[in-house]
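S.K.: Could you have a look at this structure, given as structure tokens, before my questions?
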Amino acid sequence: MLLAIDTSAGTSVAVVDRDRGAIVELGEEDTRRHAEVIGEMIQLALDRSGVAIPELSGVAVGMGPGPFTGLRVGIAAAQAFAFGAGKPIVRVVSHDGIAWGHYSAGNSGPLLVVTDARRREVYWSAYSGVDAEGLPLRVQGPGLSRPDDVAAVVDGYSAYLRLDASEVSAASVGLLAEGLYLHKREFAGPQPLYLRSPDVTISAGPKRVS
């Protein structure tokens, strides 16, 4: 049983179980309120699920791609909760969670997941379908492009069903994490998928004072 968190788009928190599926899921679409709502949503999800913290086996978190400000809130919250609860943290590419939700609903075939990256850009990931265990097969991405350039940078663009997603389901992230663990597949790495350089850089030396 996992607490799952994703803030790569809006804010989504869920409690999931491999056998029971999504026990409870809460969402906030506003992409400017991650820090305001994340703590309350975690507590509310646990309360509504009736799951005590010791019953959780871990915490799943979406690692993006996503804008820096929002994405780091969810990752920090997941790390803090996992540390405080003494539970392991497992990381999932957020686009893989979207793809898992699409395929688990009975869909098939090539899929292109696209999400808003702001600054007149989009994030994208391409999937050929699922493997024998029903886990998404990502063949390209995650990538960052201007909207008009996506067709040119995605190989075989016309073959894909395009899914423009405005939110990422934490329940899908958590259930994908359960599947990855069950079938001994790799999780995402520890580095958040911002896919662009930060606005602020550290200067090479001390600032000159005149």
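Read-outs: derived from the displayed coordinates by stated rules, not from any lab. Small disclaimer: the values here were computed from a predicted structure and weren't measured. Methodologically, a virtual Cβ is constructed for each residue, glycine included, from the backbone with ideal geometry; neighbour enumeration extends over all protein chains shown.
S.K.: Once every DSSP H run of n ≥ 4 in the chain is given -39500 (n - 2.57) and the sum is divided by its residues, what mean residue ellipticity at 222 nm do you get, rounded to the nearest 500 deg cm²/dmol?
M.R.: Numbers: 5 runs with 62 residues, N = 210.
It comes out at -9000 deg cm²/dmol, rounded to the nearest 500.
S.K.: Count neighbours as other Cβ atoms within 10 Å of each site's Cβ, and list the GluC sites (Glu not before Pro) in the stretch 125-201 that are DSSP loop with at most 14 such neighbours.
M.R.: Working: sites: Glu133, Glu167, Glu178, Glu186; in loops: Glu133, Glu167, Glu186.
Listed in order of number, the matching sites are Glu133, Glu186.
S.K.: Order by neighbour count: His102, His95, His183, His34, fewest other Cβ atoms within 10 Å first, most last. Before the final figure, lay out the partial values.
M.R.: On the way: His102 21, His95 32, His183 12, His34 24.
Fewest-to-most Cβ neighbours within 10 Å comes out as His183, His102, His34, His95.
S.K.: Rounded to the nearest 0.05, what FRET efficiency is calculated for Arg118 and His183 with R0 set to 22 Å and r the Cβ-Cβ distance? Intermediate results must be reported in sequence, preceding the final value.
M.R.: Working: r = 35 Å, r/R0 = 1.57.
Efficiency at R0 = 22 Å is approximately 0.05.
S.K.: Among Met63, Met41, what is the fewest-to-most ranking by other Cβ atoms within 10 Å?
M.R.: Values: Met63 27, Met41 22.
So the residues, fewest neighbours to most, are Met41, Met63.
S.K.: Could you give me the percent of Cα pairs per 10 Å distance bin for the chain, shortest bin first, beginning at zero and ending with the bin that holds the maximum distance?
M.R.: Going from the shortest bin to the longest, the percentages are 9, 36, 34, 15, 5, 2, 0.
S.K.: Exposure proxy check: Asp47, Asp19 ranked by fewest other beta carbons within 10 Å? Intermediate results must be reported in sequence, preceding the final value.
M.R.: Numbers: Asp47 10, Asp19 6.
Ascending Cβ contact count within 10 Å gives the list Asp19, Asp47.
S.K.: Just flag the chymotrypsin sites (Phe, Trp or Tyr not before Pro) in the stretch 22-87 sitting in loop per DSSP whose Cβ has no more than 11 other Cβ atoms within 10 Å. Please list the in-between numbers first.
M.R.: On the way: sites: Phe68, Phe81, Phe83; in loops: none.
The qualifying sites: there are none.
S.K.: A follow-up question, please. Counting other Cβ atoms within 10 Å of each Cβ, which trypsin sites (Lys or Arg not before Pro) in the stretch 103-165 have at most 16 and sit in a DSSP loop?
M.R.: Counting only loop positions with at most 16 other Cβ atoms within 10 Å, the trypsin sites (Lys or Arg not before Pro) in the stretch 103-165 are Arg119, Arg120.
S.K.: Need the full-extension length gain, Ala151 to Arg48, defined as separation in residues times 0.36 nm minus the C-alpha distance. One decimal, nm. Kindly include the intermediate steps, with their values, before the conclusion.
M.R.: Values: separation 103, 0.36 × 103 = 37.08 nm, distance 4.29 nm.
Extra length from Ala151 to Arg48 when fully extended: 32.8 nm.
S.K.: To the nearest 20 Debye, how big is the dipole of the chain about its Cα centre, given +1 on the beta carbon of each Lys and Arg and -1 on that of each Asp and Glu? Working shown, then result.
M.R.: Numbers: 19 positive and 24 negative charges, 158 e Å.
It works out to roughly 760 debye.
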